Each structure stands twice: as structure tokens, then as C-alpha cells.
1. Among R91, R80, R66, R49, which is the only one that is of a type in the set (K, R), touching a residue at least 24 places away in the same chain (Cβ under 8 Å) and under 23 Å from S704 (Cβ atoms)?
2. If I filter region 233-245 for residues that are over 30 Å from I163 (Cβ atoms) and either β-branched (V, I, T) or at pLDDT 90 or above (or both), do I get at least one hit?
3. Checking E415 against (1) in a helix (DSSP H, G or I); (2) surrounded by fewer than 15 Cβ atoms within 10 Å (Cβ to Cβ): exactly one of these is not met. Which one?
4. Among the residues of region 730-745, count how many are in a helix (DSSP H, G or I) and touching a Pro at 6+ places or on another chain (Cβ under 8 Å).
5. Please find, among D431, D437, the residue that is at pLDDT below 85, assigned to a helix (DSSP H, G or I) and within 26 Å of the chain's Cα centre (by Cα).
6. If a residue has to be in contact with a Leu (Cβ under 9 Å, 6 or more places away or on another chain) and free of Cβ contacts under 8 Å to residues at least 60 places away in the same chain to count, how many in region 337-351 make the cut?
7. Of E739, E721, which residue is under 23 Å from the mean Cα position of the chain (by Cα), modelled with pLDDT of 85 or more and of a type in the set (D, E)?
8. Determine, yes or no, whether Q225 is under 25 Å from A45 (Cβ atoms), assigned to a helix (DSSP H, G or I), modelled with pLDDT of 90 or more and open to solvent by 40 Å² or more (accessible area, probe 1.4 Å).
Amino acid sequence: MDVGQDRRRVLASHQPGRLKDGRWPARAQQLLEASHTLCVEGLHAPLRRSLGEFELQLFAKAERARGHNEQQDFFASRQRVLQDQAQFEQRFMELLGTAFNDLDSDAAKAASAQTDAKPWHSLELLDPAEQELTMTVEQLGARGEVRHSSVLHELSYRMAVLIGAPPLEGEALPLGPHALARACHQASIALDLPLAHELLLLQNFDLWLIQALAPLYTTINAHLQAEGILSQLRSSIPIPRQISKRPHGASPTEAAAEPVAAPAAEPAHHASASGAPIEVLESLRDLLAQRRSEQGMASGQPAGRAASTDELQTALGALQQHLAQVTDQASRELRSAQRLREELLIQLNIDNPSGAPPTQLSGVQGDTVELVAMLFEQLGQQLQHGGNARALLGDLQLPVLRMAVADQEFFEKPEHPARKLLDTVTGAANDWLDGSDDESNRPLATKLEQLVARANKEAPSAGLYTSLLADIEHHLALLTRKAQAAERRHVEAAQGRERLDQARHRAGELMAERFALSPPRGLLRALLERAWSDVLALTLLRHGEDSEAFEAQLAITDQLLGRLPVTDLAQLKQDVESGLQQIGMHTEEAEQVAQRLLGTDKADPAVELPSATDLALRLKQHHRLGEQQSTQPVTPAHTVQPAKQSTQPEPVVAARPAAPQAPEPSPRERRIEQHLRQLPFGSWFEFIDPSNGHIARRKLAWYSPMSGRCLLVSRRGQRGEEMSITQLAHEIAAGRVCEVVEQRESMLDRAWRSLTGTLRQGAGPRHSVPQESDRR
């Protein structure tokens, strides 16, 4: 579906700005309609982002679900969200319009509610789910009011002036957090989500919409102020005091202790706590100075003239052009701080006349170059694969350095577009590119190379990196959806094979019970073992064991074995032929088997039927239901020998070739297997090829608690190794497979953590400060 067309359809169906006429004076009506239009247009993007993130979280939780039913619930909710997304947005906007139309009545209700106390006429029990949702909606509104208290204070007065009412507070303000949270809850009722999933939707609504309302409120306030509505109004709510720069006499370690943790651990909370910068760059520079002092390195300004910002940008641009003309692999390597400094000094002094003082990097410029080089070094050490991923990181080093030199907010703000792009590109190259020239890697590798090439050609700016980030995020979203669809198909196929095996096992048990009482011989035994047991399994899958259809097939089985009398021979032959055709047997062959087994009274005398021995041989060579069309039995794709699934023999002896018996697992393998059975779906493993050391990551997409069979898929959702939990435990014990511990931080956050840790170690143990995440 075209997202742009979908959005235009929702906007057209809602008609923003059309409120009920005659409710207010013409000027108030016009300003309210303009405010409503700004609100509708400003809420579409964050509302769509909330639903998109909610859908991704549902899929992620489905991957990690511990049971089949729980996983199905997550997938069902995700499917409803994908199907009804446009309707949800339309209902939300309609509820928003209704809130604007009922503006004066809501204000009157809010005012009268404080004076009119209604007596209690009856008591009733509360629905726990409804109570929890109501409390969650109220909490979202309350937190949003506190978060945007300053702009909401002005907006409540200006909206009240338009309708001639007291200041609008709480739910009386149609575009306030309370009203928006209530509209989200009411619009989600039609989705019919479970309680836990609806709470997750409200959490995403709070994160991506309510927390991002400040620009919208500011825009509406500015519009009303420009129209003369309380133009001199200023909020009396106190603003948090800004964090000032550290005094010159303060200890560098004391000043650097807390802010340095901001890039590595929970940076968003530190950045949003105040409107002022948190001076991360200054703190990192202090640690650099301490490190140089500990190592006995000179920390003063070198002799010569310090380069200006424009001169440094020109030198960086010239260095980029020079490297773009060099095509060897060495030019795409990550550059150390010393190498970057030397190359920049060459570019800065390349046109200086002889005898002129050399141009040097200033203290801030030199430290910025060193910090960016150290950051890229830490990122390079975390890459799982070489080749394209490391080369892309090397190509992105100079563009990011240019951005860090031009905008020091690169160090201060975790949401800086250049930081987010660096994190996204590094994560994509690390997770999706496996270092090979496989055809599946080329589209993403080409996209990333085009992105890096554009970053190298154009001047650094926040707009450029925002555009590049949106481009790569869109491409990665398409790849993720394709991988999700492919993985889902493989999971459904594995679940289908599991159900088929269970049905065949049950059919084999019922057949074995009858064989014990009256064992058949010859053609009848071959028919029942190789074909009719599959007919029973197929009927069991389609209708269930207690169904009339399955009882009828068991009655046919008993008639063939002579346990029940045959009342209608022609009907019995027809039922046998129909059952054999259902499992893929050709019509002619099914008729020959039925005629040879039950008689040939209506057969053409001119046509000679195959002998019973020939038909029995054909039945033994017939492919079983669900088996691959090959002469070899179906085995897992891994080289490990299949483990024995049960100590009981197969009920039907000729059902499948006998698998070699696996050795008894060791106590360590049993402990590993017990741990694996407790892992959620979505856990990752690394498979190590002993021949060349190549590492391939596989995700545990599904496993059966009954049979122990598990399905492992690649990042793109393609099926990899299919084995049992016992086999996987054996491979882990042998060191050929290892479990990948889930990382809660992105690669860039871990790189910041490593960088600050390295600087603190270099500054001496007495300056060590625990990270925020370490305290958690």
C-alpha cells in the first residue's frame, strides 16, 4: 500500500478544519478551525510512528514468546494493526474533531463537576482490565501535562478566550494530553486487542506522540499570538535552572564525572532534563588532558597559527576529494587520530608560503579529531564481519568528523542526526552484511555505498543527515518486513510438519493396536502401513480425532482387516480409492489397488491388473505424506547425526528408514538442553565453521516442546540449520555453536561506553566513576 496515498485518503475523509458552524463568533470559529487544522496535520506523523513502532514491538515479542499460543496472540494483534491502521487514524482524528466541537460543553462540564457532587445510588464491581486501562490513560495525560506545562498553560488561556470560558484544564482542553490519550484509547477499542497489547500501544503513544507535542503546542500558541489572542501572555510556571559551565577552579575530574556517562548510558534522559547543553565535549576533553598528563605527553598548543573552522572544513573537504580519487583498499581503512592529524596538517599547510608560521589545529579541533577517531576505532572493534562493513565505516569517518567539527551538538545530543545515521549504518552493516559477495547482500550494500558517497560529496548539515537517515531507515524497514514474512512462512511450515508428524504418530498407534489383534499380510499390510496410515493422518489433521469423518476412516480400516462386516463392497472400494487419491496417488493406481484387494467383478477383462506383489512394491516405494520427493529420507540440514527422539519404537515398522542411534548426552549437554528449552523465540546463536572460521548468525525462530525440533533462520528470514534441541545442545557443548547474549544498547552506545572507559582508565584508577547502567 502506498503510504502517501493512504495518508491523503485519511486526511481527505476527515476534512480537517471543518467544525460545526454557528457555535462561536466568526473570528473565534476561524481561529479554532485553524488550530484544529494545525493539530490534525501535526499529529499524523507521530501517530503513524506510534503505530509503526507498536507493530514492530509486537513482532519482536512474538519472536521471544515462550509458547505457541502466546506467539499467535502477538501475530494476530499485529495483523489487526496492519489491516486497520488507516481506520484507527481516521477514528482518532474524528474523535479529535468531536473534542473541538464539544469545546464549550466540555468546559462547562469541567466547571460544574467541581461544584456538583452527585450522591451514590449504587455500588458495582470494577472490571480489572477496564480499571487498569483507565488508570493508564489518566497517567499518560498527567505526565504529559507536567512535561508540557509551560506551553499548555498559555494554550489553555488562549483557547478559553476564544470560547469565553475559564482556563481550560485537563480533559476540557481538546488537544491536551488527557484528551489525546483518551482518543487513542477509544480509537483502539475497534482493534479488539488484549489488555497487555493495548497497554503496549498506549506506551508507544506516550513515547512517540505525547512526548513530542511541544513543537505542535508552540506552533498553535504562536499562531494565536500572531492573531492578537493574549499576545502579551507569558507563562508564570518556573523554568528549570540551566546548567552552567564548570568554573575554572573546579576539579576536572569532578566536572567530568557525571556528564561523560551521558553518551554511554541513558543519554536521552540527561539531555531532556534541561534545555541547556550538558557539556559532554568539555568533560571528554578534560579526560583527554588527564590521560596525556598521566602518559607524560605535551598538552599545550603547538607553535603556529590556529586554524579557523572554515579552514579546517576546507582541509577536510580536500582530504575527502583526495581519498575519493584513490581506489585502493588502504584508503578505506579506519584512520587513527595520529594519522588524521598528520593528513589534516598537510592539507592546512599545503598552500602556505615558505617561511610562514605553520597552521595548527586548535585545542578543541585536535581533541575533536582524536575523540571521533577513538569512537570509530571502538565501533570497528565491535563489527562481527570484515569486508564491506568495515570499509563503509571507514568511508563514513571523514563526513562524521566534518559534522562534529561544524556542530558540537554531535557530542551533546544523542538524537543528533549524524549520530543516529552513524548508529543505523553501523548496525545495518554489522547485522545484514555477512562479508560475502552473496547476491542477497548486494542491494543493501549498494544502498549503503550510495548513502556514504552522498555524505562525502555534500556539505555537512543536519538536514543532509536527516534525509540520509530517513532514506536508510525506509530501506531497512522494507528488508525487515520481507524477512518477517519469509520467517513466518518457514515457521508455519515447520509447525505444519510438526502437526503432521503428530497425526502420523497417532495414526500409527491406532494401526499398531489393530495389527496386534489381526496382523495382515501381503498387499493389505503394505497398503495399511504405507498409504492408509497417511489417509488416517490427513483426516485427523483436517477434522480431528473425535470427528465423524475420522470414525468413518477407522471403520473402513476395520472392514479391510475383517474386524467389521462389509455390507457394501462397491462403496468400500469407492472409499478406498477416494482415500488413496487424497494422499496423492494417481487415479489409475488407486483403482488397481482397490480392485486387486477387494475383487475385480467390474474390471475390464481385457485389462490385466498388476500382481499383488508388484502393487505391494509400488506402495513401499510411494512417497509418504509430507516427505520430500527424493530417494533419501528427510534429514536435517546440519551435519550432526539426528538424535533419537523417543525410546519407544515407531508404531508402524515401515513408516520411515531407521535413524542411527545417537550417543547418550553428557550431563553438560543435558544442562545446556534444559537452558535452551527455557529460551524465548528470537534468541540468536553463532555457528562457527571449523574449516575456515566463518561465523554465521542464526535466530531460533521456533521449536517444538513435544518433539524438540527447532527452526533456525538467518537475518533475512531464510531457513538455515534445522535440528533438534538435543543436537543444538551437543553442538554448543562441542564449541561449534555459541549463544549470543542479547545487547540492550546499540553499537554506538557501547562504543561511547568503551571510549569513556578507556579515557577513565588512562586518567588513573582514582578518577574512576561508575556508569549509570553499571549501578542498575
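1. Answer to the check: R66.
2. Yes; the residues of region 233-245 include at least one that is over 30 Å from I163 (Cβ atoms) and either β-branched (V, I, T) or at pLDDT 90 or above (or both).
3. All conditions pass for E415, except number (1).
4. Keep residues of region 730-745 that are in a helix (DSSP H, G or I), which gives 730-734.
Then keep just the ones that are touching a Pro at 6+ places or on another chain (Cβ under 8 Å); that gives 730.
Residues meeting the conditions: 1.
5. D431
6. Number of matching residues: 8.
7. On inspection, the qualifying residue turns out to be E739.
8. Details: under 25 Å from A45 (Cβ atoms): yes; assigned to a helix (DSSP H, G or I): yes; modelled with pLDDT of 90 or more: no; open to solvent by 40 Å² or more (accessible area, probe 1.4 Å): yes.
Answer is no for this residue.
The values are calculated or read from the model by the stated rules, or taken from the named source; none is laboratory data. In this text the structure is predicted, and so the values were computed from the model without any measurement. Every residue, glycine as well, gets a Cβ built from its backbone with ideal geometry; the counts of neighbours run over all protein chains shown. Remember, those area values only see protein heavy atoms, side chains included, never the ligands or the DNA or RNA. Shrake-Rupley method; radii C 1.70, N 1.55, O 1.52, S 1.80 Å.
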